[in-house]
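The values are calculated or read from the model by the stated rules, or taken from the named source; none is laboratory data. Please read these numbers as outputs of a predicted model, since none were measured by experiment. Neighbour counts are summed over all protein chains in view; Cβ atoms, including those assigned to glycine, are modelled from backbone coordinates with ideal geometry.
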Amino acid sequence: MRELALLRRVRDRIDREYALPLDVEALARGVHMSAGHLSRRFREAYGESPYAYLMTRRIERAMTLLRRGDLSVTEICFAVGCSSLGTFSTRFSELVGMSPSRYRAEQAGATHGMPACVAKQVTRPIRNREAPAARGS
């Protein structure tokens, strides 16, 4: 039970600090585990690695910013804590099924007038490369 509480602390830290430079080693140090042990136990508890969970959080926030439409894709990439536009775009496409630019063009205003709790559910990215293949790509 103690270890599960530590894993929840790591998950909560990722949820809070997703835009900061986080890596598995720093997360592991925060709960006095090795990076390898944290990764294995986190995957067992939550079904994905700490890094994959972090990237999902970043992509969720990026989706919101893209729908808002007032920042460039590059600005959004850095605002959500990614340091590489290429990695950001690749992971975004894996989770969402389209590029960030295409997402912005297709989803601008899609949640206008929708309660935030509903918008969060209908726009949640699919984890672990489960996005359907884009048609016509």
Exercise. From the residues in region 70-84 that are aliphatic (A, V, I, L, M) and within 14 Å of the chain's Cα centre (by Cα), which one is nearest to Ala52 (Cα to Cα)?
Worked result: Val80
For this session: Scan region 96-110 residue by residue and report those that are of a type in the set (Gly, Ala, Ser), out of contact with any helix residue (DSSP H, G or I) (no Cβ under 7 Å at 6 or more places or on another chain) and part of a helix (DSSP H, G or I).
Result: Ala105
For this session: For region 59-95, enumerate the residues that are assigned to a loop (DSSP other than H, G, I, E, B), more than 17 Å from Ile14 (Cβ to Cβ) and either touching a helix residue (DSSP H, G or I) at 6+ places or on another chain (Cβ under 6 Å) or of a type outside the set (D, E, K, R) (or both).
Result: Gly69, Leu71, Ser72, Ser84
Exercise. Has region 48-55 got at least one residue that is charged (D, E, K, R) and modelled with pLDDT of 95 or more?
Worked result: no
For this session: Can you run down the residue pairs with Cβ atoms below 8 Å, 6 or more apart or on separate chains, where the first is in region 45-59 and farther than 17 Å from Glu17 by Cα and the partner is in a helix (DSSP H, G or I)?
Result: Ala45/Leu4; Ala45/Leu7; Tyr46/Leu7; Tyr46/Arg11; Tyr46/Tyr53; Glu48/Phe42; Glu48/Thr56
For this session: Please work out which residue is surrounded by the most Cβ atoms within 10 Å (Cβ to Cβ), limiting yourself to region 71-112 and to residues that are under 21 Å from Leu20 (Cβ atoms), small (Gly, Ala, Ser) and in contact (Cβ under 8 Å) with a residue 12 or more places away in the chain.
Result: Gly81
